[in-house]
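Structure, as structure tokens:
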Number of protein chains: 2
Amino acid sequence: MSQVTEHDFLREALRLADANTTSLAGGPFGAVIVRDGQIIGRGANRVLETKDPTAHAEMVAIRDASRYLNHWELTGSTLYTSCEPCPMCLAAAYWARIERIVFSADRYDAAAVGFDDDFLYRELVAPVEARQLPIQQDLPGEGRQVMERWAAHPDRVPY
Amino acid sequence: MSQVTEHDFLREALRLADANTTSLAGGPFGAVIVRDGQIIGRGANRVLETKDPTAHAEMVAIRDASRYLNHWELTGSTLYTSCEPCPMCLAAAYWARIERIVFSADRYDAAAVGFDDDFLYRELVAPVEARQLPIQQDLPGEGRQVMERWAAHPDRVPY
């Protein structure tokens, strides 16, 4: 039997993406998480089907792998995704301690068919006052106190 | 009865955050989504309890509101959160079409107690080759073709 290659994992992500063009469960995005040569999580975009705006392929795959490992850290894993992750999914990969990402289509391919991930990347680096989504701070002292109470808790689990 | 104010909504987010210091379900973060003066979604960080690295307070609240409205768009909503959203949650707010964000503690308060959201903001703007999480493109033509097949689908739902 031939060796499983990186391309096989990436093509499994592409297969999941392509399946959405038939099912219309969501946009044409798929992802798999691989550790020690095995797929430990799979996901396709399910925004339309589940009415969940966070149900991007990579998020679904990360949650699937976390359930499989029963842990919020996927240390040692690679994320293969049919398209360059949007900022939400890229940040989620950091939180999940994923160690490497391989993608096929890029943010410009996505924008060409109406998914403006590139806009989001620009927004996140824009100064707060220049962003299209207004964001402001209020009651700063009360929020800081909540943090400090947590930091003082003897049984807290750092993560 | 006195008028419900913005501070009441933000303090509900802070209450949810503070409750985690007792329950230890996750970090000290809470969020509510408000539309037309009503709370339509609530969330607290549940990363530790659910072993889901994406279960930040804002994500939980967005998913809760989406379930309530049975829609992936939360147009007209404001997100009140106990702490400045990390890039994952900020991007999720854009995808959910949230129109305004109010936060209490900021990313530096979070970093002071061990949640390095500021590091993530720096990573997302860093050139790809300078990032700590390596990311690379492969099979670009195959990914683009998946996108093109989807774009050509007559029944696709743009979102």
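Just the residues that are over 26 Å from the mean Cα position of the chain (by Cα) and more than 7 Å from every other protein chain (Cβ to nearest Cβ), please, taken from segment B:130-147.
B:GLY141, B:GLN145
Of the residues that sit in segment B:46-66 and are part of a helix (DSSP H, G or I) and facing another protein chain (nearest Cβ under 7 Å), which one is farthest from B:ALA105 (Cα to Cα)?
Only one residue tops the list, namely B:SER66.
List pairs: first in segment B:109-129 and under 16 Å from B:LEU90 (Cβ atoms), second among the β-branched types (Val, Ile, Thr), Cβ under 7 Å, 6+ apart or cross-chain?
Close Cβ pairs (under 7 Å, with a partner that is among the β-branched types (Val, Ile, Thr)) amount to B:VAL125/A:VAL125.
Which one is surrounded by the fewest Cβ atoms within 10 Å (Cβ to Cβ), of the residues in segment B:107-129 that are facing chain A (nearest Cβ under 7 Å) and charged (D, E, K, R)?
Ranking the candidates gives B:GLU123 first.
Considering only segment A:12-67, state which residues are polar (S, T, N, Q), closer than 17 Å to B:ALA96 by Cβ and either in contact with an Asp or Glu (Cβ under 7 Å, 6 or more places away or on another chain) or crowded, with 24+ Cβ neighbours inside 10 Å (or both).
Of everything in segment A:12-67, those that are polar (S, T, N, Q), closer than 17 Å to B:ALA96 by Cβ and either in contact with an Asp or Glu (Cβ under 7 Å, 6 or more places away or on another chain) or crowded, with 24+ Cβ neighbours inside 10 Å (or both) turn out to be A:ASN45, A:THR54.
Could you please tell me which pairs satisfy a Cβ distance under 6 Å, a separation of 6+ or placement on different chains, a first residue in segment A:74-85 that is within 16 Å of A:ALA111 (Cβ to Cβ), and a second residue that is assigned to a loop (DSSP other than H, G, I, E, B) and among the acidic types (Asp, Glu)?
A:GLU84/A:ASP106
Hey, any hits in segment A:84-100 for a residue that's among the hydrophobic types (A, V, I, L, M, F, W, C) and assigned to a strand (DSSP E or B)?
Checking segment A:84-100: not a single residue is among the hydrophobic types (A, V, I, L, M, F, W, C) and assigned to a strand (DSSP E or B).
Restricting to segment A:68-83, and then to whatever is more than 7 Å from chain B (Cβ to nearest Cβ) and assigned to a strand (DSSP E or B), can you tell me which residue is surrounded by the fewest Cβ atoms within 10 Å (Cβ to Cβ)?
Filtering first and then ranking leaves A:THR78.
Laboratory data are not the source of any read-out in this text; all were calculated from the coordinates shown. These numbers come from a predicted model, not from an experiment. Virtual Cβ from ideal backbone geometry, glycine too; neighbours counted across all protein chains shown.
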